[in-house]
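Structure record follows, encoded as C-alpha coordinates.
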Amino acid sequence: MIHRYKIGNKLYIYKKLNFFSASPPLINSVFAILKKLGFGPKLGYNNKSIWLNNQRDVNCYFKSVKTHNPKHKARLLR
(Lines give C-alpha, C1' and ligand atoms only; values in the text may rest on other atoms or scores of the structure.)
Protein backbone atom coordinates (compact mmCIF):
# COMPACT_ATOMS: atom_id res chain seq x y z
CA MET A 1 0.00 0.00 0.00
CA ILE A 2 1.29 3.45 -0.87
CA HIS A 3 0.52 5.96 1.87
CA ARG A 4 0.27 9.61 0.83
CA TYR A 5 -0.38 12.68 2.90
CA LYS A 6 0.34 16.36 2.70
CA ILE A 7 1.45 18.74 5.42
CA GLY A 8 1.57 22.33 4.28
CA ASN A 9 2.99 22.21 0.76
CA LYS A 10 5.06 19.07 1.34
CA LEU A 11 3.79 15.73 0.01
CA TYR A 12 4.94 12.61 1.86
CA ILE A 13 4.78 9.23 0.12
CA TYR A 14 5.89 5.92 1.57
CA LYS A 15 5.09 2.22 1.46
CA LYS A 16 3.20 0.34 4.16
CA LEU A 17 2.35 -3.31 4.47
CA ASN A 18 -1.09 -4.45 5.63
CA PHE A 19 -2.35 -7.94 6.36
CA PHE A 20 -6.07 -8.42 7.03
CA SER A 21 -7.93 -11.47 8.34
CA ALA A 22 -11.17 -12.05 10.23
CA SER A 23 -9.49 -15.01 11.96
CA PRO A 24 -8.16 -13.96 15.40
CA PRO A 25 -5.86 -17.02 15.69
CA LEU A 26 -4.30 -16.21 12.31
CA ILE A 27 -3.84 -12.52 13.16
CA ASN A 28 -2.29 -13.44 16.52
CA SER A 29 0.06 -15.96 14.90
CA VAL A 30 1.21 -13.59 12.15
CA PHE A 31 1.71 -10.81 14.71
CA ALA A 32 3.80 -13.09 16.96
CA ILE A 33 5.89 -14.37 14.02
CA LEU A 34 6.60 -10.84 12.79
CA LYS A 35 7.64 -9.78 16.31
CA LYS A 36 9.88 -12.85 16.64
CA LEU A 37 11.53 -12.00 13.30
CA GLY A 38 12.38 -8.54 14.62
CA PHE A 39 9.68 -6.51 12.90
CA GLY A 40 7.54 -3.89 14.64
CA PRO A 41 3.98 -4.83 13.65
CA LYS A 42 0.98 -2.81 14.81
CA LEU A 43 -2.52 -4.18 15.24
CA GLY A 44 -5.11 -2.34 13.21
CA TYR A 45 -8.86 -1.86 13.24
CA ASN A 46 -10.65 -4.25 15.65
CA ASN A 47 -7.50 -6.40 15.78
CA LYS A 48 -8.33 -7.74 12.32
CA SER A 49 -5.31 -6.28 10.56
CA ILE A 50 -1.59 -5.98 11.04
CA TRP A 51 0.46 -3.07 9.74
CA LEU A 52 4.14 -2.62 9.09
CA ASN A 53 4.56 1.15 8.92
CA ASN A 54 8.30 1.50 9.37
CA GLN A 55 10.08 1.71 6.00
CA ARG A 56 12.94 -0.42 7.28
CA ASP A 57 10.42 -3.11 8.27
CA VAL A 58 8.64 -2.97 4.90
CA ASN A 59 11.90 -3.21 2.95
CA CYS A 60 13.23 -5.97 5.24
CA TYR A 61 9.99 -7.91 4.90
CA PHE A 62 10.19 -7.94 1.11
CA LYS A 63 13.89 -8.86 1.17
CA SER A 64 13.58 -11.69 3.69
CA VAL A 65 9.99 -12.98 3.43
CA LYS A 66 9.46 -11.93 -0.21
CA THR A 67 6.27 -12.00 -2.26
CA HIS A 68 5.12 -13.95 -5.30
CA ASN A 69 2.26 -11.54 -5.99
CA PRO A 70 3.09 -9.63 -9.22
CA LYS A 71 1.00 -6.63 -8.10
CA HIS A 72 3.04 -6.27 -4.91
CA LYS A 73 6.35 -6.78 -6.73
CA ALA A 74 5.46 -3.99 -9.16
CA ARG A 75 4.44 -1.62 -6.36
CA LEU A 76 7.63 -2.34 -4.45
CA LEU A 77 9.77 -1.42 -7.45
CA ARG A 78 8.09 1.97 -7.98
In degrees between 0 and 90, to the nearest 10, how far off the longest principal axis of the chain does helix 55-64 point, with axes built from Cα atoms? 60
Given the Cα atoms of segment 34-78, and with Rh set as the inverse mean 1/r over their pairs in the Kirkwood sense, what is Rg to Rh to two decimals? 0.99
Using only Cα atoms, find the angle between the long axis of helix 24-36 and the longest principal axis of the chain, and express it within 0 to 90 degrees, rounded to the nearest 10. 70
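Mind checking the per residue accessible area of the chain for me, 1.4 Å probe, whole number of Å²? Numbers along the way, then the final one.
Details: 5870 Å² over 78 residues.
Heavy-atom accessible area per residue stands at 75 Å².
Grab the beta carbon distance between His3 and Lys66, set R0 = 25 Å, and tell me the FRET efficiency rounded to 0.05. Write out the running numbers ahead of the final one.
Values: r = 21 Å, r/R0 = 0.85.
After rounding to 0.05, the efficiency reads 0.70.
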List the lysines whose alpha-carbon lies under 22 Å from that of Lys73, not counting same-chain residues fewer than 8 positions away? Lys15, Lys16, Lys63
Cut-off 14 Å between beta-carbons: net charge of the residues surrounding Phe31, Lys and Arg +1, Asp and Glu -1: +3
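The values are calculated or read from the model by the stated rules, or taken from the named source; none is laboratory data. All values reported here derive from a predicted model rather than from experimental measurement. Counting neighbours? That spans all protein chains shown, and the Cβs are built from the backbone with ideal geometry, glycine included. These area figures cover heavy atoms from the full protein model, side chains too; ligands, DNA and RNA do not enter into them. Shrake-Rupley method; radii C 1.70, N 1.55, O 1.52, S 1.80 Å.
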